[in-house]
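The values are calculated or read from the model by the stated rules, or taken from the named source; none is laboratory data. The structure displayed is predicted, hence computed values, not measured ones. Cβ sites come from the backbone with ideal geometry, for glycine too, and all protein chains shown count toward neighbours. In case anyone asks, the SASA skips ligands and DNA or RNA and just uses the protein heavy atoms, side chains included. Shrake-Rupley method; radii C 1.70, N 1.55, O 1.52, S 1.80 Å.
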Amino acid sequence: LSAQPVSKPESTHCIVAHAGTSTDEFNALLKTDKYVLVDFYADWCAPCRLLAPVVDQIAREDSARVIVVRINQDNNKPLFDALKVYELPTLLIYKNRELKNTFEGFFPKEMIEAEFK
């Protein structure tokens with residue numbers, strides 16, 4: 001990762017990817033034995049704003065099992081294209097660097113958390 005790959009201004013529990021995050025930097029975030037929940041969002045997206053507190057709650061409550069990464073579409077269009085993320089919000093769930101599931105749109109916390117069992 002570069003010297004400043006991520007920041008945490010929105011939440012102390014979520015990693016917020018910096019503008020222009022590369023695919024190499026993204027892949028480095030997946031190098032963990034925990035689940036990685038990636039929240040692709042945009043500030044102007046109403047369903048994204050509804051989902052944000054759910055994602056933050058998962059980050060707070062499941063930090064022992066799950067790393068939450070938030071990536072803003074407006075700042076990371078090349079990464080969105082590389083990962084073929086076309087809908088907002090999109091949640092990708094990884095385990096051992098492998099994509100386990102994709103959620104497009106708003107989903108309740110319980111449905112998302114069921115993926116971490």
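So the values come out like this:
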| quantity | calculated |
| --- | --- |
| Sequence of Asp74, Asp81, Asp39 from largest to smallest accessible area, 1.4 Å probe | Asp81, Asp74, Asp39 |
| Karplus-derived 3J(HN,Hα), 6.51/-1.76/1.60, for each residue of the range 20-28, Hz, glycine and proline x | x, 4, 7, 5, 5, 5, 4, 4, 5 |
| Shape category assigned to the range 55-117 from the gyration tensor of Cα positions, a/c cut at 1.5 | prolate |
| Net charge contributed by nearby residues that have their C-beta within less than 12 Å of Phe40 (K/R +1, D/E -1) | -2 |
| Full-extension gain in nm, Arg97 to Lys117, via 0.36 nm per residue minus C-alpha separation | 5.6 nm |
| For the range 57-117, size of Cβ-based charge dipole, Lys and Arg +1, Asp and Glu -1, in debye | 220 debye |
| Separation of the Ala64 and Ala28 label points, Cα + 7 Å toward Cβ, nm | 2.9 nm |
| The chain - percent of accessible surface contributed by carbon and sulfur, probe 1.4 Å | 51 percent |
| Solvent-free Debye scattering, log10 I(q)/I(0), computed from the Cα coordinates of the chain at q = 0.18, 0.22, 0.23 Å⁻¹ | -0.88, -1.42, -1.59 |
| Accessible surface of Cys48 - all protein chains present, 1.4 Å probe, nearest 10 Å² | 10 Å² |
| Accessible surface, 1.4 Å probe, highest first, among residues Leu83, Leu37 | Leu83, Leu37 |
| Leading residue at positive end of dipole, the chain (Cβ point charges), from Leu50, Val69, Gly105 | Val69 |
| Cysteines without a disulfide-compatible neighbour (Cβ-Cβ under 4.7 Å), the chain | Cys14 |
| DSSP bridge orientation in the chain - percent antiparallel, rounded to nearest 5 | 60 percent |
| Neighbour-limited loop hits for trypsin sites (Lys or Arg not before Pro), the range 48-88 (at most 10 other Cβ within 10 Å; DSSP other than H, G, I, E, B) | Lys84 |
| Cβ-based charge dipole, the chain, positive-most Cα from Phe80, Thr21, Ala59 | Ala59 |
| Surrounding net charge for Ala28, when Lys and Arg each add one and Asp and Glu each subtract one, Cβ distance under 15 Å | 0 |
